[in-house]
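Visitor: Sharing a structure below in structure tokens format, with a few things to ask.
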Amino acid sequence: MELTKNITLGIYLPGETFVHRLDPRTKIIASVILIVLLLFIRSYEAYGIFLIFTAAVIFISGIPPGFALCGLKPMLPVLVLMWIFQLFLYRTPGSDVIFSWWIFSATDTGLHMGNLITLRVLFLFTVTTILTLTTSMVSLTDGLENLLKPLRKIGLPSQELVMTMVIALRFVLILAEELDKIVKAQMARGVAFDRGNFLQKTKKIFPVFLPLFINAFKRAEELIIAMESRSYTGGKGRTKMKTLHLGRVDLAAGLLIFLFSALIVFIIVSIQPQI
Amino acid sequence: MPIEVNGLFHSYKKGTPFEKEVLFDINLTIDDGEFIGIIGPTQSGKTTLAQHFNALFIPRQGRVIVNGANTADKTADLVTLRHNVGYVFQNPDYQLFAPTVGEDIAFGPRNQGLAGEEIEHRVREAMEQVGLDYGTFLGRDIYALSGGQKRRAAIAGVLACHPRILILDDITAGLDPRGRDEILGVIRKLHREQNITIIYISNSMDEVAELAERIVVLDRGRIAFDGTTREIFSHAEQLYAIGLELPEVMVIADRFRELGYSLPPAILSLEEAVDAISTALHEGRVAD
Amino acid sequence: MILNPFIETTDLSFSYRTGSSNAVRALKKVNMQVKLGELLAITGQNGSGKSTLARHFNGLLTAREGKVLVDGLSAADKENTAAIRRLVGMVFQNPDNQLVSSIVEEDIAFGPENLGLPPAEIRERVDWALDTLNISNLRRESPNQLSEGQKQLVAIAGVLAMKPRCIVLDEPTAHLDPRGRREVIENVLCLNRIEGITIVLLTHFMSEVVNCDRMIVMDKGEVKMEGAPCDVFRQGEKILNLGLDFPVAARLSAGLRRKGFPLPDHIIHIEELIDSLCQLK
């Protein structure tokens, strides 16, 4: 039993690679560009090129590929469910039925849509995982705060939002740790999590949530008290030990992202089928 | 119900960049009725090892055999095994999940398939064993308990399953002296009167010296020492090197010895220290 | 020399869940002082009100009944909260719940950053805090990879870097192994003796209390005993009735006294016991 093993979101993997050395703002903007591109990609060719690109980034940043992928494991059931939904429910006039079962029938466009959406979620997750694995919490906060600064003018509490987001990310791991302990404590008292069918297993999971949330809230509260007692009062008046600056590596990375986006946009505009 | 561990290895987060070897070639036999202390610095593998005893971890390399059954065996009845090998966790908040004391203690027996009067009997008996008054505490809200009471309720919840082996994982951490003494009294009684095997994990050398008959010392996932309590605490220097310490009475005894008095080695309790020092004072210094 | 009161409470009372039927009165008219430069231990059973009291020292809880003065500033005044938090730092029991960043030095910088200091000074303070606690070698590590004792030292460094006059530690060693416990306590003693920082140590370990200049025993929200540890532990039964214990050296010397050896009744330290034993004959 080791639930925390497959958590990659919110974990930082220290290193000194090209990707690690980039200014956090560069990495955040690059990630946003990649995510926006993903929303428009509808062809397998573009996904192929995207795959090559992300694989290259993973290789350069020294993240073991197996580790990058294992974070996807806990999401698999959801992805499969999503794929099935699309397969059976999505259809356009004129789409062909591939096969039918009881009152459901799957169409070719449904299949295509299912594939596209599943790929999109997979890549979205991979892009954010690469970002968090190569960027420490504090530089991520610094970068985001810096980028969102203009929004303060229209009254958006950007620094507080960023801090909230960063702490939420930290809690992904904390929740997994808590869940691990509680499941173990229940197993030790005779709950067989490893037995029974899907329904029985789901029923067994419910009693776990109450202590999970009570403990997680307790920890969150302690963290907030600790932050408060270290004079944290939101972003106002905060300074930074490390000031951000863009260097030559950022220029190079920017150029690469630009070329890559241009290629993807070209595919989207000229090759991609319009659905 | 003996436990036998052969060539056990364990890695944490295997296959990730954070992979760490936690247990390395562990060989160990625990016999019926033993009171065995497991000590070692944080991250030396104490909890991981103990969680192999009740099949919360299943070995990938090496074997753990509890009462003749291999825990890695696909046909092993792990639920029964976990009732026989009770585990009390460090933080009772993880372990107590029913709203009231009575319901929480009944949780284990209910999972064992018991019902009605038998459950009531088990709950009453377990509460008596840990010194929680049945009338007062049965309907008491879990969150209204003090730290010491919570730990006693957690122990009762495990005892209600009638375990033959009880694993206690650093259960006195954060307790005040009175709460700690009460818990230690309960454990001593269980061992003495019911001959339950006790596996006691602790960061307190004083407690281990006072309670355990045998000690296993872990150091970075390996067994550094395994022997009687007296033997273990005679390895003062090695214990310091690992990051452990001697019980406070032994530190005093050592200083007294340096004055030129002769004391028996490895004094474990306060009473022993008082007797030994007074005898030594009567006899006077050993001429060198 | 111990000088003026740095923190002073006057008739301080506090209840949790006020107004509801299950209100808990955690503090009852507490009058106490923390003196500038001293090492003060606060002890008492679980639920005796130690933590509640300590949380008034840096404005985490605000006095509704009674008064708290920190360096002459009234803690009831919200205007003073920021100033009081600069003066008094807090370290908690579980280091995992107080570290903010995934890199040690960035975590230590968190407090000074909140104070709005210039980057160069933050860097200087972080280096100084790491150096003072002898953990400079950990600066680039991720707290996840450290032992519990090291994590607690990082938490202390994070508070130290804010250069407070006083540090309050709430059972900092409760979950540490023997080495971690020793390292934390040794460092806390150094901060007091060498850096002159006022320390308030909340603890259940009598072996830690004996190292302090003064101790306060709390029970059911009230201060029940107060004074130098050697005087407090001399009061016999009372200590046990409050759910506490005697230091091992005191218990041992009491045992020897019962055997007829004329040992003084103020012994709490191992050294004192050994010295007295030397003088017996």
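The values are calculated or read from the model by the stated rules, or taken from the named source; none is laboratory data. It should be emphasised that the depicted structure is a prediction, and the values quoted were computed from it without experimental measurement. Cβ: placed from backbone, ideal geometry, glycine included. Neighbour counts: every protein chain shown. Ligands, DNA and RNA are stripped out before the accessible areas are found, and what is left, the full protein with its side chains, is counted by its heavy atoms. Shrake-Rupley method; radii C 1.70, N 1.55, O 1.52, S 1.80 Å.
Visitor: Test of understanding: among C:Asp170, C:Asp127, which residue is more than 8 Å from every other protein chain (Cβ to nearest Cβ) and free of Cβ contacts under 8 Å to residues at least 12 places away in the same chain? Lay out the reasoning, then the answer.
Guide: On the way: C:Asp170 fails: free of Cβ contacts under 8 Å to residues at least 12 places away in the same chain.
The unique qualifying residue is C:Asp127.
Visitor: Based on what the data block shows, is C:Arg139 under 27 Å from C:His175 (Cα atoms), open to solvent by 20 Å² or more (accessible area, probe 1.4 Å) and charged (D, E, K, R)? Show your work before the answer.
Guide: Numbers: under 27 Å from C:His175 (Cα atoms): yes; open to solvent by 20 Å² or more (accessible area, probe 1.4 Å): yes; charged (D, E, K, R): yes.
Yes.
Visitor: Okay, next question. Restricting to the range A:233-275, count the residues that are free of Cβ contacts under 8 Å to residues at least 24 places away in the same chain and either open to solvent by less than 40 Å² (accessible area, probe 1.4 Å) or among the hydroxyl-bearing types (Ser, Thr, Tyr) (or both).
Guide: Selection size over the range A:233-275: 5.
Visitor: With B:Ser234, B:Ser278 as the choices, which residue is at pLDDT 90 or above and over 16 Å from C:Ser253 (Cα atoms)? Steps first, answer last, please.
Guide: On the way: B:Ser278 fails: over 16 Å from C:Ser253 (Cα atoms).
Residue meeting the stated conditions: B:Ser234.
Visitor: Scan the range B:13-29 and tell me whether some residue there is open to solvent by 50 Å² or more (accessible area, probe 1.4 Å), modelled with pLDDT of 90 or more, more than 19 Å from B:Arg152 (Cα to Cα) and part of a loop (DSSP other than H, G, I, E, B). Quick ask: steps written out before the conclusion?
Guide: We begin by selecting, within the range B:13-29, every residue open to solvent by 50 Å² or more (accessible area, probe 1.4 Å); these are B:14-15, B:17, B:19-21, B:24-25, B:27, B:29.
Okay, now just the ones that are also modelled with pLDDT of 90 or more, so B:24-25, B:27, B:29.
Keeping just the survivors that are more than 19 Å from B:Arg152 (Cα to Cα) gives B:24-25, B:27, B:29.
Narrowing further to those that are part of a loop (DSSP other than H, G, I, E, B): none.
There is no residue in the range B:13-29 that is open to solvent by 50 Å² or more (accessible area, probe 1.4 Å), modelled with pLDDT of 90 or more, more than 19 Å from B:Arg152 (Cα to Cα) and part of a loop (DSSP other than H, G, I, E, B).
Visitor: Of everything in the range C:118-134 that's open to solvent by 10 Å² or more (accessible area, probe 1.4 Å) and hydrophobic (A, V, I, L, M, F, W, C), which residue is farthest from the chain's Cα centre (by Cα)? Talk me through it step by step, then tell me what you get.
Guide: In the first step, residues of the range C:118-134 are kept if they are open to solvent by 10 Å² or more (accessible area, probe 1.4 Å); the result is C:118-121, C:123-125, C:127-128, C:131-132, C:134.
Next, only the ones that are hydrophobic (A, V, I, L, M, F, W, C) stay: C:120, C:128.
Details: C:Ala120: 31, C:Trp128: 22 Å.
Filtering first and then ranking leaves C:Ala120.
Visitor: Same structure again: Take A:Ser95 and decide whether it is in a loop (DSSP other than H, G, I, E, B), surrounded by fewer than 18 Cβ atoms within 10 Å (Cβ to Cβ), among the hydroxyl-bearing types (Ser, Thr, Tyr) and free of Cβ contacts under 8 Å to residues at least 40 places away in the same chain.
Guide: Working: in a loop (DSSP other than H, G, I, E, B): yes; surrounded by fewer than 18 Cβ atoms within 10 Å (Cβ to Cβ): yes; among the hydroxyl-bearing types (Ser, Thr, Tyr): yes; free of Cβ contacts under 8 Å to residues at least 40 places away in the same chain: yes.
So A:Ser95 fits the description; yes.
Visitor: Considering each residue of the range A:136-159, count those that are in a helix (DSSP H, G or I) and either in contact (Cβ under 8 Å) with a residue 60 or more places away in the chain or crowded, with 20+ Cβ neighbours inside 10 Å (or both), and give that number.
Guide: Going through the range A:136-159, the residues in a helix (DSSP H, G or I) turn out to be A:137-152, A:158-159.
Now drop any that are not either in contact (Cβ under 8 Å) with a residue 60 or more places away in the chain or crowded, with 20+ Cβ neighbours inside 10 Å (or both), which leaves A:137-147, A:158-159.
Going through the range A:136-159 one residue at a time, the tally reaches 13.
Visitor: Continuing with this model, one more query. Conditions first: (1) crowded, with 19+ Cβ neighbours inside 10 Å; (2) under 30 Å from B:Pro163 (Cα atoms); (3) touching a residue at least 60 places away in the same chain (Cβ under 8 Å). A:Pro211 passes all but one, so which condition is the exception?
Guide: With (1) crowded, with 19+ Cβ neighbours inside 10 Å; (2) under 30 Å from B:Pro163 (Cα atoms); (3) touching a residue at least 60 places away in the same chain (Cβ under 8 Å) applied to A:Pro211, the lone miss is (3).
Visitor: When you look at B:Leu211, is it buried (at least 17 other Cβ atoms within 10 Å of the Cβ), over 22 Å from B:Glu271 (Cβ atoms) and not basic (Lys, Arg), yes or no? It would help to see each step written out before you state the result.
Guide: Working: buried (at least 17 other Cβ atoms within 10 Å of the Cβ): yes; over 22 Å from B:Glu271 (Cβ atoms): no; not basic (Lys, Arg): yes.
The answer is no for B:Leu211.
Visitor: Which of the residues that make up the range C:92-124 are more than 9 Å from every other protein chain (Cβ to nearest Cβ) and touching a residue at least 60 places away in the same chain (Cβ under 8 Å)?
Guide: C:Pro95
Visitor: Looking at B:Asp206, B:Asp226, B:Asp219 in this structure, which one is closer than 20 Å to C:Gly180 by Cβ and open to solvent by 40 Å² or more (accessible area, probe 1.4 Å)?
Guide: On the way: B:Asp226 fails: closer than 20 Å to C:Gly180 by Cβ; B:Asp219 fails: open to solvent by 40 Å² or more (accessible area, probe 1.4 Å).
Checking each option against the conditions leaves just B:Asp206.
Visitor: Checking the structure you have, find out if any residue of the range C:65-81 is within 7 Å of another protein chain (Cβ to nearest Cβ), at pLDDT below 95 and in contact with a Ser or Thr (Cβ under 9 Å, 6 or more places away or on another chain). Give the derivation first.
Guide: Of the range C:65-81, the ones within 7 Å of another protein chain (Cβ to nearest Cβ) are none.
No, the range C:65-81 contains no residue that is within 7 Å of another protein chain (Cβ to nearest Cβ), at pLDDT below 95 and in contact with a Ser or Thr (Cβ under 9 Å, 6 or more places away or on another chain).
Visitor: Can you find a residue in the range C:154-165 that is open to solvent by 50 Å² or more (accessible area, probe 1.4 Å), under 15 Å from C:Ala109 (Cβ atoms) and either within 21 Å of the chain's Cα centre (by Cα) or of a type in the set (Val, Ile, Thr) (or both)?
Guide: Let us first name the residues in the range C:154-165 that are open to solvent by 50 Å² or more (accessible area, probe 1.4 Å), namely C:163, C:165.
Those left that are additionally under 15 Å from C:Ala109 (Cβ atoms): C:163.
Within this subset, residues satisfying the condition of being either within 21 Å of the chain's Cα centre (by Cα) or of a type in the set (Val, Ile, Thr) (or both) are C:163.
For the range C:154-165, residues open to solvent by 50 Å² or more (accessible area, probe 1.4 Å), under 15 Å from C:Ala109 (Cβ atoms) and either within 21 Å of the chain's Cα centre (by Cα) or of a type in the set (Val, Ile, Thr) (or both): present.
Visitor: Check the range A:212-221 and report whether any residue there is in contact with a Lys or Arg (Cβ under 9 Å, 6 or more places away or on another chain) and closer than 30 Å to A:Arg21 by Cβ.
Guide: Checking the range A:212-221: not a single residue is in contact with a Lys or Arg (Cβ under 9 Å, 6 or more places away or on another chain) and closer than 30 Å to A:Arg21 by Cβ.
Visitor: In a loop (DSSP other than H, G, I, E, B) and either buried (at least 18 other Cβ atoms within 10 Å of the Cβ) or away from chain B (no Cβ under 14 Å) (or both): does that describe C:Leu176? Spell out the reasoning first.
Guide: Numbers: in a loop (DSSP other than H, G, I, E, B): yes; either buried (at least 18 other Cβ atoms within 10 Å of the Cβ) or away from chain B (no Cβ under 14 Å) (or both): yes.
Yes; evaluated as a whole, the condition is true for this residue.
Visitor: Please find, among B:Arg82, B:Arg63, the residue that is open to solvent by less than 20 Å² (accessible area, probe 1.4 Å) and of a type in the set (Lys, Arg).
Guide: Matching residue, one of B:Arg82, B:Arg63: B:Arg82.
Visitor: Hey, another quick one. Tell me which of these A:Arg219 doesn't satisfy, since it passes every other one: (1) over 24 Å from the mean Cα position of the chain (by Cα); (2) modelled with pLDDT of 80 or more.
Guide: (1)
Visitor: Those residues that are under 20 Å from B:Asp169 (Cα atoms), within 13 Å of chain A (Cβ to nearest Cβ) and among the aliphatic types (A, V, I, L, M), I need them from the range B:54-77; list them, please.
Guide: B:Ala55, B:Leu56, B:Ile58
Visitor: Go through the residues of the range C:8-18 one by one and say whether even a single one is in a strand (DSSP E or B), closer than 30 Å to A:Ile174 by Cβ, within 14 Å of chain A (Cβ to nearest Cβ) and more than 14 Å from the chain's Cα centre (by Cα).
Guide: Checked against the condition, which is being in a strand (DSSP E or B), closer than 30 Å to A:Ile174 by Cβ, within 14 Å of chain A (Cβ to nearest Cβ) and more than 14 Å from the chain's Cα centre (by Cα), the range C:8-18 yields at least one hit.
Visitor: Pick out, from the range C:204-281, the helices (runs of 4 or more DSSP H) lying fully within it that include 1 or more residues that are open to solvent by 60 Å² or more (accessible area, probe 1.4 Å) and either within 13 Å of another protein chain (Cβ to nearest Cβ) or under 22 Å from C:Glu171 (Cβ atoms) (or both). Walk me through how you get there before you give the answer.
Guide: Values: elements: C:206-209, C:229-232, C:237-241, C:248-258, C:270-279.
The helices (runs of 4 or more DSSP H) meeting that bar are C:237-241, C:248-258, C:270-279.
Visitor: Considering only residues that are farther than 17 Å from C:Ala76 by Cβ and touching a strand residue (DSSP E or B) at 6+ places or on another chain (Cβ under 9 Å), look in the range C:6-21 and name the one that is surrounded by the fewest Cβ atoms within 10 Å (Cβ to Cβ).
Guide: Step one: filter the range C:6-21 for residues farther than 17 Å from C:Ala76 by Cβ, giving C:6, C:16-17, C:19-21.
If we keep only those that are touching a strand residue (DSSP E or B) at 6+ places or on another chain (Cβ under 9 Å) as well, we get C:6, C:16-17.
On the way: C:Phe6: 24, C:Tyr16: 13, C:Arg17: 9.
Here the residue is C:Arg17.
Visitor: Further question: Output the number of residues of the range B:97-146 satisfying the condition of being loosely packed, with under 14 Cβ neighbours inside 10 Å, at pLDDT below 90 and among the hydroxyl-bearing types (Ser, Thr, Tyr).
Guide: Within the range B:97-146, residues that are loosely packed, with under 14 Cβ neighbours inside 10 Å, at pLDDT below 90 and among the hydroxyl-bearing types (Ser, Thr, Tyr) number 1.
Visitor: Please state which of the following conditions B:Thr172 fails to meet, knowing it meets all the rest: (1) within 23 Å of C:Lys50 (Cβ to Cβ); (2) open to solvent by 40 Å² or more (accessible area, probe 1.4 Å); (3) of a type outside the set (Phe, Trp, Tyr).
Guide: Going through the list (1) within 23 Å of C:Lys50 (Cβ to Cβ); (2) open to solvent by 40 Å² or more (accessible area, probe 1.4 Å); (3) of a type outside the set (Phe, Trp, Tyr), B:Thr172 breaks only (2).
Visitor: While we're here: Of all residues in the range C:16-55, which are at pLDDT 90 or above and of a type in the set (S, T, N, Q)? Outline the logic, then answer.
Guide: Going residue by residue through the range C:16-55, those that are at pLDDT 90 or above are C:26-45, C:48-55.
Residues satisfying the conditions are C:Asn31, C:Gln33, C:Thr43, C:Gln45, C:Ser48, C:Ser51, C:Thr52.
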